[in-house]
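Values in this text are rule-based calculations from the coordinates and carry no lab data. All of these numbers come straight from a predicted model, not from anything done at the bench. Glycine also receives a Cβ, built like all others from the backbone with ideal geometry; neighbour counts cover every protein chain displayed.
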Number of protein chains: 2
Amino acid sequence: MESLPPAPATISDVAARAGVGVGTVSRVLNGRANVRPLTRARVLEAIDALAYRPSSAARSLSLRRTHVIGVVVPFFTSPSAVERVRGIASVLARSQYDLMLFDVESEDRREHAFRLFDRGDRSDGLLLVSLVPPDDEVERLQAARLPCVLVDAPHPAFPSIVIDDVRGGELAAAHLIGLGHRRIAFIGDKPPDPFRFASSRDRTRGYERALASAGIEVRPEYVREGTQSHQVARGIAIDLLRLPQRPTAVFAASDAQALGVLEAARILGIRVPEELSVVGFDDVEVAAYTGLTTVRQPLYESGSHGAELLLRLLEGDAASSGGPYVEQLPVEVVVRSTTGPPPG
Amino acid sequence: MESLPPAPATISDVAARAGVGVGTVSRVLNGRANVRPLTRARVLEAIDALAYRPSSAARSLSLRRTHVIGVVVPFFTSPSAVERVRGIASVLARSQYDLMLFDVESEDRREHAFRLFDRGDRSDGLLLVSLVPPDDEVERLQAARLPCVLVDAPHPAFPSIVIDDVRGGELAAAHLIGLGHRRIAFIGDKPPDPFRFASSRDRTRGYERALASAGIEVRPEYVREGTQSHQVARGIAIDLLRLPQRPTAVFAASDAQALGVLEAARILGIRVPEELSVVGFDDVEVAAYTGLTTVRQPLYESGSHGAELLLRLLEGDAASSGGPYVEQLPVEVVVRSTTGPPPG
DNA sequence: AGGTCGGTTGGAACCGCTTCCACATGCTCT
DNA sequence: AGAGCATGTGGAAGCGGTTCCAACCGACCT
């Protein structure tokens, strides 16, 4: 018969072996001052001998904190989300907190993820990435006193890390206008679902503003919307490039979409940047590979700053906790090889 | 003064309000049979009225299970790891388990991640991605009876999901040989660190085998090693392409490295595929964008299959639990536009 | 010598759940 | 009628920590 491995040692095993009370062991574990060096040594010896490791479940219950930070993120939808999570993970890695990841592709998962956390005993804090919590959820989160930071999403109830999307759109369009383009198309996200917020919409506004201030009329047939996928964007771009008077430049609201535009150009035999300029948004890694000119937003930093802010909140920094603290990260155009002067 | 929100309701609050004992509430919560319909209704009413949600910390402690699955992964090092995690997340999403993510960039983090889990009370199971646990850790994991599945890494102690790297290397080289190439270089990973396993080494073996069976001599100056980054690979490729007799094809052990080779070719003004063929490995999303010919391995599936296997183990399927159960996923060459016949 | 006082220490109570055991109830079966 | 038996139910014990309180100790005071 197989001998079961011994159950993991508990704090009272340690206490028994060291010949002290459980309280003393706990004090040693938590580095409290009032323990005589000799006693401490005996306890440490026992801990070592029994290979004792405290139970985190028991600690959570007793302390009413979990040492876990929940991250809710539409993980699948975009490579940029991954980059943000990387920023978060790197900060949490050097903290005492662990990272619980919730992907929320579908709507009911989103619901589920929120419900999971809003009791407040699963995690000590929450990072919501590219996601706006619905109002009833906001209430529950606040009732549970769960510190919460939004990354890439605004909400008056929570501090957030965002970028200036309007300005991003403006910069992209201005870059193209500066090169001499006048016929500039825009491919944005499809109208936002209730949970997403309208970052693409803001980029559209920036685009329109830049055009306006250059005295260029916005042509409705040049402004299109579709999902983030590059396949959809490719289809839209093919449409656009078959227009009787086709645009000489396309600004896409994400790199994924911009890559779709590049594919479309390749399919139609249109040379980039000689015959068509393309600008993306995000500056994901692929953009560098493919030489895509794009509007860089600090994805990694959005995650790391969000995590840092949350950690500060958890340490009771009420200053940033309170109202609508908003940190705005800079955007900039990264010029690579998909933009140039218009043909002719 | 601000009124604190009431503490979350506990099971005994519910019991009190429903006028029953805590045991009965627990039975209702867990859908046990022996509860009179009338009683059940009263309890449900109380639960609803108090917006009661059970404490998962308390449940974990009492049940000795956490409903969490730990995923340990070198998250930052490669886009392929992300794809595997996606596969894992999608399977766990439709299970009762939550996903705790541990990134392990540096060696001490790796240590940390393992220690965290090996007591067995943080998670009910573990998925190790592209990581081979050191022997002492294997012991602890087994002692803690923590079900554990390896994804993209072999170890006799645990079931695993892998691919046939030798065959992958062979297929890549055979594809190039089939096109008529004779001067085929190979860029692999640098010698594995103790935690990684030698997948690149196996790919080298496949490459050598294919060459051998075509009667082509392996030239040492054509076989190079470097880290996974495309920058490093680019440097190596530039070296390679400046050789007096330069290769007409390069097989890289990862797509990231293959992209570095493409960059090198661009820098040197060497046309692909007319003057140089390039084959990668993995088939990450970028490969499709850039038209890279590559050896596809099912990244997403490796994650999803690993997660499914682990779930089966957790349900007590001893069959797959036991010995060195190994699931081998297929590899195949995906021909795109970076390979063609050799020049001349 | 007796009283204070600060530093150590043991252990009970508690965190919120599950589970088991004892007990009550209303039947059926001799 | 009394034993036997499901069926429902209450509540104590236990999961493994933390924390608080009381007790103990020797040193130091008067």
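Reported count of residues in the range A:145-161, each being over 19 Å from A:V104 (Cα atoms) and buried (at least 19 other Cβ atoms within 10 Å of the Cβ), is 6.
How many residues does the range A:58-115 hold that are assigned to a helix (DSSP H, G or I) and either among the small types (G, A, S) or touching a residue at least 12 places away in the same chain (Cβ under 8 Å) (or both)? Please lay out each step first, then the result.
Step one: of the range A:58-115, the residues assigned to a helix (DSSP H, G or I) are A:58-63, A:79-93, A:107-115.
Adding the requirement that they be either among the small types (G, A, S) or touching a residue at least 12 places away in the same chain (Cβ under 8 Å) (or both) leaves A:58, A:60, A:62, A:79-81, A:83-93, A:107, A:110, A:113-114.
Residues flagged as assigned to a helix (DSSP H, G or I) and either among the small types (G, A, S) or touching a residue at least 12 places away in the same chain (Cβ under 8 Å) (or both) within the range A:58-115 amount to 21.
Considering (1) away from DNA strand D (no atom under 12 Å from the Cβ); (2) more than 21 Å from A:V68 (Cα to Cα), the lone condition that B:F102 does not fulfil carries the number (2).
Identify all residues within the range A:10-25 that are among the small types (G, A, S) and within 18 Å of B:R119 (Cα to Cα); write none if there are none. Don't jump to the end; show me each part of the working.
At the first step, the residues of the range A:10-25 found to be among the small types (G, A, S) are A:12, A:15-16, A:18-19, A:21, A:23.
Of everything in the range A:10-25, just one residue is among the small types (G, A, S) and within 18 Å of B:R119 (Cα to Cα), namely A:S12.
Each residue in the range B:199-232 was checked for being surrounded by fewer than 18 Cβ atoms within 10 Å (Cβ to Cβ) and among the acidic types (D, E), and 3 pass. Restricting attention to the range B:127-143, does a residue exist that is of a type in the set (V, I, T), buried (at least 24 other Cβ atoms within 10 Å of the Cβ) and either over 15 Å from B:L310 (Cβ atoms) or within 15 Å of the chain's Cα centre (by Cα) (or both)? Looking for residues that are of a type in the set (V, I, T), buried (at least 24 other Cβ atoms within 10 Å of the Cβ) and either over 15 Å from B:L310 (Cβ atoms) or within 15 Å of the chain's Cα centre (by Cα) (or both), one finds at least one in the range B:127-143, hence yes.
Restricting the range A:1-13 to residues that are within 14 Å of another protein chain (Cβ to nearest Cβ) and within 10 Å of DNA strand D (Cβ to nearest atom) leaves a set whose member that is surrounded by the fewest Cβ atoms within 10 Å (Cβ to Cβ) is A:A7. If you take the residues in the range B:42-64 that are charged (D, E, K, R) and more than 17 Å from B:Q96 (Cβ to Cβ), which one is farthest from DNA strand D (Cβ to nearest atom)? Selected residue: B:D48.
Would you please name the residue that is nearest to the other protein chains (Cβ to nearest Cβ), looking only at residues in the range B:25-41 that are more than 9 Å from DNA strand D (Cβ to nearest atom) and assigned to a helix (DSSP H, G or I)?
B:L29
Listed conditions (1) within 16 Å of DNA strand C (Cβ to nearest atom); (2) away from chain A (no Cβ under 11 Å); (3) small (G, A, S) are all met by B:S56, apart from (2). Among the residues making up the range B:130-156, those that are within 14 Å of chain A (Cβ to nearest Cβ) and touching an Asp or Glu at 6+ places or on another chain (Cβ under 6 Å) are B:R140, B:L141, B:A144.
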